[in-house]
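Peer 1: Let me give you the structure first, and then I'll get to my questions.
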Amino acid sequence: MKYRDVYDSWRANPEAFWLRAAELIDWTRKPKRALFAGNAPIYEWFKDAEVNACWNAVDRHVEQGGGGRTAIIHDSPVTGTCASITYSELRDRVARLAGALAAKGVVAGDRVVIYMPMIPEAIEACLACARLGAIHSVVFGGFAAKELAVRINHCEPKCVLAASCGIEPGRQVEYKPLLDSAIELADHKPDFCVIFQREQLPAELNASRDHDWGEFTDSATPTECVPVPGDHPAYILYTSGTTGQPKGVLRPTAGHIVALHWTMKNIYGVDPGEVFWAASDIGWVVGHSYICYAPLLAGNPTVIYEGKPVGTPDAGAFWRVISDHRVAALFTAPTAFRAIKREDPGGELPKKYDLASLKTLFLAGERADPDTISWAETQLRIPVIDHWWQTETGWAMAANPVGIEKLPVKPGSPTVPMPGYNLKVLDENGNEVKRGELGSIAAQLPLPPGTLSSLWRADDRFRESYLSEFPGHYSTGDAGFMDEDGYIYIMARTDDVINVAGHRLSTGALEEALSNHGDVAECAVIGVGDELKGQLPVGFLCLNAGTSRSHCEIVAECVGLVRQEIGPVAAFKQAAVVDRLPKTRSGKILRGTMTKIANGEKYTVPPTIDDPTVLEEIGTALGTLGYPKSKGGTES
Ligand code: COA
Ligand code: AMP
């Protein structure tokens, strides 16, 4: 079968296409229908069916005689350890954790927040929730207490599962004090917490609220999988939007497992038993889909890597993991490869390892620059596949489906729309633009199974954020174009979201944190192009009248404030004090123009600008921070 045939077969009969994909799943009640449109534009998939995600990811492999096969490989250069877990062991561990949670009253529909580093227990925590039908919400470990508190308040978990610490190169991240202060900050108080004590830094437990993970699970009675309706939420994953309030992306169970299972063979081209490694974090959507659920569903050993592409111990770390575990497919963000390339431009380190097992490298999370792709191709001599998706979709909207047919790679393009996605490039009136012309990228509704059904307890925000701009379509927030061959190109965001090392951040959230500084009257944050991380946030601060304190001190305090309120992951290190911000006459800050100045790109002075001389002041301030790295200039 060719890609075109598969895509056309979906176009011709989406219902039959997804019911066929659903045959990959074990159901306790089989779906009679795939799509339910009664509540459109909020669509539901496999609503009449009943299923359990944990059964499909874990138990069924054991039932089918595969209990002895490897499910998880934990490779942790930061602790100097490596361990494997079989499907039988995983089933027992997950069933006991679920049993312990059930004994404490956790039932289907309850929320459970997970705040953990890259250890197997983080995956087990997700699966234990899935076993009970509890809805997990994982919070990335690089977020600070306040961000954790915002999420606790919003999803109101019955309990929090956490670890005592995370380990970053050169420092231990004490999760427990962060968790304690988040719970103190939050209005909603979880009933209890379960803390996995790591020997590197055990935490002090609060006797009235905290349980030691080991004791909690050791004494527990294992529990069976609880079947849930197909549209039952599997998880909530918060992601950055335009405002400081993160959006709780809601993922219904059945669509999630049907679509993910389908992708493993068709997009990633792996067969059961082949090792799959998504070098990301369980706190991001890539971790949910491709460290946890998809590989386990399809019977692919999944690598949980607790380390970095460089510095743990060197830029050969990825090659060592591939060679030690016979990895067949690696999925990571381009920034990881840029970091490796920077330290080993000549590609000496890959030569030291046996990389014969690696069939394909997949990149996503940010634009894959052609330089990085071609460097990776030269070093690895395998297909390097860029693919495009987002937290909301849970799996690729556009990819090169190597399991169906490897299409010619065009550097700079994540290739073609996947079945389920009718992608269109639209102008501001919602009309399709010509091939090759830039526009907003939207997907015609309904989105396929596995995508978000709505935002947690915020249907109105869901409609307003994604469905209102182009009626009948989902707005991706990305701009780009489609070429004559139907290849899609993703060029920029259409909103105030920036992408730092593959991590999605809201400039609005950073601005909210900065405006909490007592001397800051007004501020703006933009994402400036960076060779390693793709973008870096840069702040502009207007101080209160009469502030006489040193600007350097205020900037340093602001950097500290963002780290404390958002977390180190924001990588916010640069800000300049300015007198005024460039605005339109209606008061909208011209972040786009500021970004162009910072990047040394040509820009047009917007006709709506209140006072064009402010742009010169912004240019001067950027100059003090070393921007632009290359020269551009004004057009008018
Ligand atoms: N818990 C606590 N802190 C964390 C963390 C975690 N899970 N993950 C990152 N951080 C901290 C880091 O320690 C760093 O803190 P610092 O300012 O004290 O140095 C900060 O957050 C920024 O981290 P990171 O983005 O990892 O940048 P880096 O400069 O340490 O490393 C790269 C640069 C390119 C090696 C790194 O960004 C990387 O591996 N990127 C791959 C991206 C990726 O996998 N994205 C997922 C989407 S697919
Ligand atoms: P996240 O939700 O954190 O996964 O971020 C999703 C956003 O990252 C997308 O909307 C894009 O802006 C960007 N992105 C992800 N993958 C790609 C890609 N392959 N090419 C270009 N941008 C990408």
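The values are calculated or read from the model by the stated rules, or taken from the named source; none is laboratory data. Here the structure is a predicted model, which means the values were calculated and not measured. Cβ sites come from the backbone with ideal geometry, for glycine too, and all protein chains shown count toward neighbours. To get the accessible areas, we keep the full protein, side chains included, count just its heavy atoms, and leave off ligands, DNA and RNA. Shrake-Rupley method; radii C 1.70, N 1.55, O 1.52, S 1.80 Å.
Peer 1: Cut-off under 30 Å on the C-alpha distance; same-chain residues fewer than 8 positions from Lys47 excluded. Which lysines are left, in chain and number order?
Peer 2: Output for Lys47: Lys30, Lys32, Lys104, Lys158, Lys247, Lys265, Lys424.
Peer 1: What does the charge dipole of region 537-584 about its Cα centre add up to, to the nearest 20 debye, if the Cβ of each Lys and Arg holds +1 and the Cβ of each Asp and Glu holds -1? Before the final figure, lay out the partial values.
Peer 2: Numbers: 5 positive and 4 negative charges, 25 e Å.
My answer is approximately 120 debye.
Peer 1: Using a simple charge model, +1 on the beta-carbon of Lys and Arg, -1 on the beta-carbon of Asp and Glu, nothing else, what dipole does the chain show about its Cα centre, in debye to the nearest 20?
Peer 2: With only Lys, Arg, Asp and Glu charged at Cβ, the dipole is about 880 debye.
Peer 1: Can you work out ³J(HN,Hα) from phi for every residue in region 14-21, in order, using Karplus 6.51 cos²θ - 1.76 cosθ + 1.60 and θ = phi - 60°, giving whole Hz and x for Gly and Pro?
Peer 2: After applying 6.51 cos²θ - 1.76 cosθ + 1.60, I find x, 4, 5, 4, 6, 5, 5, 4 Hz.
Peer 1: For Lys351 and Asn153, FRET efficiency with R0 = 45 Å and r from the beta-carbon atoms, rounded to 0.05? Don't jump to the answer; show the numbers that get you there.
Peer 2: Numbers: r = 51 Å, r/R0 = 1.14.
Efficiency, rounded to the nearest 0.05: 0.30.
Peer 1: Could you tell me which of Tyr87, Ile25, Ile72 has its Cα farthest along the dipole of region 1-91 towards the positive end, charges placed at Cβ (Lys, Arg +1; Asp, Glu -1), taken about the Cα centre?
Peer 2: After comparing all options, I get Ile25.
Peer 1: Under 14 Å between alpha carbons, and skipping anything fewer than 8 positions from Lys434 in its own chain: which aspartates and glutamates qualify?
Peer 2: Counting by Cα, and skipping residues close in sequence, Lys434 has these aspartates and glutamates nearby: Asp483, Glu484, Asp485.
Peer 1: Put +1 on the Cβ of each Lys and Arg and -1 on the Cβ of each Asp and Glu in the chain; which of Tyr7, Trp395, Tyr115 then has its Cα farthest toward the positive end of the dipole?
Peer 2: Tyr7
Peer 1: How large is the dipole of region 52-194 about the Cα centre if only Lys and Arg carry +1 and Asp and Glu carry -1, each at its Cβ, rounded to the nearest 20 debye?
Peer 2: In debye, rounded to 20, region 52-194 gives about 200.
Peer 1: Quick one: check the C-alpha center-to-center distance for region 514-529 versus region 189-220, whole angstrom.
Peer 2: Using only Cα atoms to place each centre, the spacing works out to 38 Å.
Peer 1: Amide H of Val577 versus every other amide H placed in the peptide plane: which residues, excluding those fewer than 5 positions away on the same chain, fall under 5 Å?
Peer 2: Residues meeting the amide H criterion: Leu541.
Peer 1: Another question about this same structure. Sequence neighbours fewer than 8 away in the same chain don't count; with that in mind, list the lysines whose C-alpha is under 18 Å from Lys308.
Peer 2: Lys341, Lys533
Peer 1: Something else now. Output the relative contact order of region 57-123, whole-number percent, from Cα pairs under 8 angstrom with separation of 6+ residues.
Peer 2: 27
Peer 1: Rank Leu532, Leu423 by accessible area, highest first, at a 1.4 Å probe radius?
Peer 2: Order by accessible area, largest first: Leu532, Leu423.
Peer 1: Can you tell me, using C-alpha contacts under 8 Å and at least 6 residues apart, the relative contact order of the chain as a whole percent?
Peer 2: Numbers: 1399 pairs, mean separation 73.5, N = 636.
It comes to 12 percent, rounded to a whole number.
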